[in-house]
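Reviewing the structure listed below.
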């Protein structure tokens with residue numbers, strides 16, 4: 001019964017008892033006044049009231065005791081539930097939980113803390129946290145930092161978040177992010193800390209920053225190299241004209257030869273720059289990597305010092321890779337030469353191939369284009385290794401640890417650019433005194449991949465056809481016009497796509513569109529060719545460019561088979577590519593007309609090689 005109901009019942013009982021006692025006293029005495037009988041009735045009523053009060057007091061005390069017991073049990077249960085919930089939160093948290101007192105003694109150590117540090121809970125409880133997870137050289141400074149931590153946390157109710165470098169039980173360094181709060185328990189200060197491993201996150205962030213930096217440098221490098229290629233196109237072409245004019249004057253002929261050689265070195269330099277910038281025009285094809293490495297090993301054996309051992313470990317049934325064979329050969333040769341230079345006296349160079357299947361994480365880690373099948377090429381040496389301080393800069397252009405005059409710093413950047421443009425990835429592992437391992441991942445070739453067709457070696461042949469030449473660089477346009485006219489062609493020059501479309505709209509007849517890919521204005525060379533070929537399917541197209549840049553300049557449907565003449569080019573290359581385009585018979589729909597097969601070209605090539613071998617000018621082929 002509730003307290004209010006009990007008191008109401010007691011008061012009602014008291015009233016009834018008092019009234020009954022008075023009525024009884026009046027009935028006995030038969031008098032209406034207040035006498036002895038009425039006094040006795042009141043005393044009896046008072047005694048009953050006292051009895052009722054005592055009974056009510058006992059009932060109230062019993063009720064309060066039951067209520068207090070219930071509240072105590074509920075509070076105890078709540079505390080137990082809260083403790084269990086807290087332990088459940090700590091056990092299921094993704095981050096490690098560490099609880100210490102203000103002296104650094106461990107009070108709590110979660111399962112995640114065991115996984116993070118390698119120390120079990122039994123080993124950690126009661127130990128000094130600094131001795132467990134801080135490297136020896138940093139412990140004194142860390143204790144000083146902890147001494148300032150409690151006052152700082154006391155004035156920061158929401159806690160503090162900071163990064164700290166810890167050490168695993170096995171000695172591995174761990175970069176962590178810690179979130180700490182302080183709890184006052186009497187005179188003690190309890191520090192609760194959640195710790196998160198951010199080692200891989202920081203590595204990924206640094207990799208992203210490095211990739212963004214390389215991309216920015218690549219954009220700048222590619223733009224400069226493209227413009228430089230335009231200038232070299234004019235230089236290499238006009239020097240041929242001058243060389244032909246002064247061929248009877250030996251001093252001037254020597255000068256023109258020097259200029260020509262300098263232009264060739266400039267072209268090689270821009271090729272390396274464009275390779276780093278991932279903007280060179282590649283000719284990818286199916287490559288038997290094992291066969292290529294066998295050829296490379298023979299070349300290295302013939303040129304390297306006998307003290308350097310060359311070992312090949314070629315996997316069985318290695319897939320065909322899809323990449324530019326010439327660029328891959330250059331990249332592997334560059335890495336091999338670097339390895340030789342790193343092995344001062346003697347050493348071992350190991351070339352390994354295998355098939356690998358990269359998942360998403362693995363592909364991201366090596367910078368590959370996508371998850372899937374790759375051919376792995378590993379180049380390992382036993383040289384001096386690369387210092388950790390410069391390991392992250394080895395792919396930067398013009399960065400070199402070699403002496404002045406012994407390297408441009410473009411070798412590794414060229415390797416990096418070629419691999420990335422091919423859709424693959426590259427990683428390097430090195431330690432001073434323990435050698436270096438470069439690992440290249442190239443995409444597996446699809447069965448439908450086409451092999452590139454090489455140029456023939458016929459003599460320079462011109463023609464009488466009309467060529468629409470579209471080039472936005474004035475000097476290059478003038479040079480190409482002169483060269484085309486010297487070959488006998490009629491030339492219609494145009495400075496951009498708009499002028500070329502205007503020429504076509506006027507009905508002017510021309511046989512071939514010779515256009516640069518990268519041009520100022522709203523339409524590039526690919527788009528111009530697509531539009532023109534859509535209207536005239538039988539139109540021949542020849543592209544030229546200082547670089548071919550990914551999706552912006554990929555061939556469209558109607559110009560899929562159009563060849564590309566890379567800048568800088570010489571007159572002979574220009575003449576051969578023009579005839580290659582113009583001599584291929586096509587029907588009104590633009591499809592190539594098959595010609596009867598002839599082995600005459602193969603026979604002539606074989607006879608030339610045989611004559612060269614007989615004269616000792618070439619090495620016999622196996």
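Overview of results
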{"item": "Exposure proxy order (Cβ contacts within 10 Å, fewest to most) of 577, 523", "result": "523, 577"}
{"item": "Sorted by Cβ density within 10 Å, fewest first, the residues 257, 420, 571", "result": "257, 571, 420"}
{"item": "Fewest-first sequence of 56, 469 by Cβ atoms within 10 Å of each Cβ", "result": "56, 469"}
{"item": "Rounded, prolate or oblate (a/c below 1.5 giving rounded, otherwise prolate when a/b exceeds b/c) for the range 468-507 by Cα gyration tensor", "result": "oblate"}
{"item": "Gap separating the Cα centres of the range 363-390 and the range 119-189, nearest whole Å", "result": "36 Å"}
{"item": "Of every Cα-Cα pair in the range 285-443, the percent that sits beyond 30 Å", "result": "11 percent"}
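Every number in this text was worked out from the coordinates using simple rules, so none of it is lab data. Predicted model only: the values in this text are computed from it and were never measured. All Cβ positions, even for glycine, are placed from backbone atoms using ideal geometry, and neighbour counts span all protein chains on display.
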